[in-house]
Every structure is written in C-alpha cells, then in structure tokens.
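Reviewing the structure listed below.
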Amino acid sequence: MHPILNDIRLISFDLDGTLVDSVPDLAVAVDASLAECGLSTAGEARVRDWVGNGSLKLMERALTFARHASPDEVLLARAHEAFLAHYGRDPGSRTRLYPGVREAMDALRSDDRILTLVTNKPFAFIRPILAQFGLEAHFALCLGGDSLPQKKPDPAPLLHVAAQFGLPPSACLMVGDSRHDVAAGQAAGFRTLAVPYGYNHGEPVHDSRPDALVDSLAELV
C-alpha cells in the first residue's frame, strides 16, 4: 500500500475526473440544453474546463460562453432544468472508468477500509453511474452536491462523512483531481491525495499542494 494510507481508516473519493471521465456525457447534455435555449453549443473540449463545481455552475459557465454575458436567474434556471432532464436520461453511456480505478477500489475494499464518495454532482446521478461499473457496493456512503447545504471546497461534506463513522479527520483521506478537492480536504483536516488527469480548470493540481500525487489510483495498492 502507498505510504499515504498509513493509519488511514476512511477514504473519500471525488467522482468526476477522479474515478470516471464523465465529460462526454456531460457535454452532450450541456449542448442539448444550450440548443433548447436557442444558443450555440459549446463542445466537449470547453465543457472539460467547466466541470467541478456542480451542475448549476456548469450551466452558468456554458451560458456565459454562449451569450458572451452572464445569464439572468430565469435563463439559468431554465437551462439548468433542461440540463438535468437531458443528463438524467443518459448519465453514463459515454462515461468511462480511468485506468487503475477498478483495481484500486477492489483492493481497498478488500483491505477493509471505509470507502466513501463525496462529489459535487447531484446525488440522483451517482448511483446510475456507479451501478454501470458495478461499484455501488464499494461505498459505505455517497454524498452529492445537493446532499448538504454546503459542497466542496467547503469542508462540511468531509466533516460530515468522518462524523458518520465516528472517526477523527486525521484518520481520513480525501482523493480528488482538483483544487476544490484538495482545499476541502485540507480545511477538514484530512490527508489529501490528488490525480493529475482530471478536471482542474486547466491548472496543475500539484499547485494546490496535496500531501501526495499519483498518476494512477492503482499506485495506491
């Protein structure tokens, strides 16, 4: 096992950009929503830079791009509702696990560590994606961006997870791909580990100073 796991009893994983590449499905839903609003589509490459702060922020960024101006609340609500509908109909057919994820999940589960999922993605979309890959039983608890009033980079979701299992933050690890994951973990008192292949708005995630960085989650085991 990787040294970062020494004395760690609980691991919280981010989802998008850490365990799965979901951008192809997200981009389809974003573009369908923009088209429904009579706006130009954005394309997968742009959407890849916008992911990470939840679906509402994703659509705000998409609308700002398409209109060259920030959207008003009415338009944002309409576009967000359209996105949720489009994405909900097909949240996973183009989504793929990153290399090394399955090996890491299986090994960590067998090692009797508590695995949890803390994502800013709406909760309703978590289970269909995990089920697609046969990973839903690996996680003892899943939190979405709408599960609590706060979401990452606020530390509240991670503190909630630690409290649910009666563990001190020092016995917990946050694994993610973005500065928001690292910031949430640091603020919660978790150890932090980052992967460089995900979605971090074009910035190197090592600039956020995680406690460790691995090219693949397989390096954990």
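The values are calculated or read from the model by the stated rules, or taken from the named source; none is laboratory data. Quick caveat, the model's predicted, so the values are computed rather than measured. Backbone-built Cβ (ideal geometry, glycine too); neighbour counts: all protein chains shown. Surface accessibility is based on the protein's heavy atoms, side chains included, excluding ligands, DNA and RNA. Shrake-Rupley method; radii C 1.70, N 1.55, O 1.52, S 1.80 Å.
Tell me the carbon and sulfur percent of the accessible area for region 1-98, rounded to whole percent, probe radius 1.4 Å.
Numbers: 2160 of 4350 Å².
Taking all protein chains in place, region 1-98 shows 50 percent carbon and sulfur surface.
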Once fully extended, how much extra length lies between E103 and L75, figured as 0.36 nm per residue of separation less the alpha-carbon to alpha-carbon distance? 5.8 nm
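Quick one: grab the alpha carbon gyration tensor of the chain, order the square roots of its eigenvalues as a ≥ b ≥ c, and give me rounded if a/c is under 1.5, else prolate or oblate depending on whether a/b is larger than b/c. Mind dumping the intermediate values first?
On the way: a/c = 1.89, a/b = 1.77, b/c = 1.07.
Since a/c reaches 1.5 and a/b is larger than b/c, the shape of the chain is classed as prolate.
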In square angstrom, what is the accessible area per residue of the chain with a 1.4 angstrom probe? 43
Accessible-area order for S216, S170, largest to smallest, probe 1.4 angstrom, reads S170, S216
Nearest 10 degrees is fine. How inclined is helix 179-188 to the longest principal axis of the chain, computing both from alpha carbons? 50
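Of S40, S178, S110, which has the most accessible area and how do the rest follow, probe 1.4 Å?
Result of the area sort, largest leading: S110, S40, S178.
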Over the Cα atoms of region 1-72, what Rg and Dmax result, in angstrom? 16.4, 54
Dipole-positive endmost among F190, P24, G202 within the chain (Cβ charges, Cα centre): F190
Region 76-195: C-alpha gyration tensor shape, a/c 1.5 cut-off, then a/b vs b/c: oblate
Positive-end residue of P3, V214, P157, charge dipole of the chain with Cβ unit charges: P157
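For the chain, what is the mean residue ellipticity at 222 nm derived from helices alone (per DSSP H run of n ≥ 4: -39500 (n - 2.57); sum divided by total residues; nearest 500 deg cm²/dmol)?
Result for the chain, helices only: -12000 deg cm²/dmol.
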Applying the Karplus parametrisation 6.51 cos²θ - 1.76 cosθ + 1.60 with θ = phi - 60° to the phi angles of region 206-214, what ³J(HN,Hα) value in whole Hz is obtained for each residue in order, glycine and proline being reported as x? 5, 5, 7, 6, x, 5, 8, 9, 10
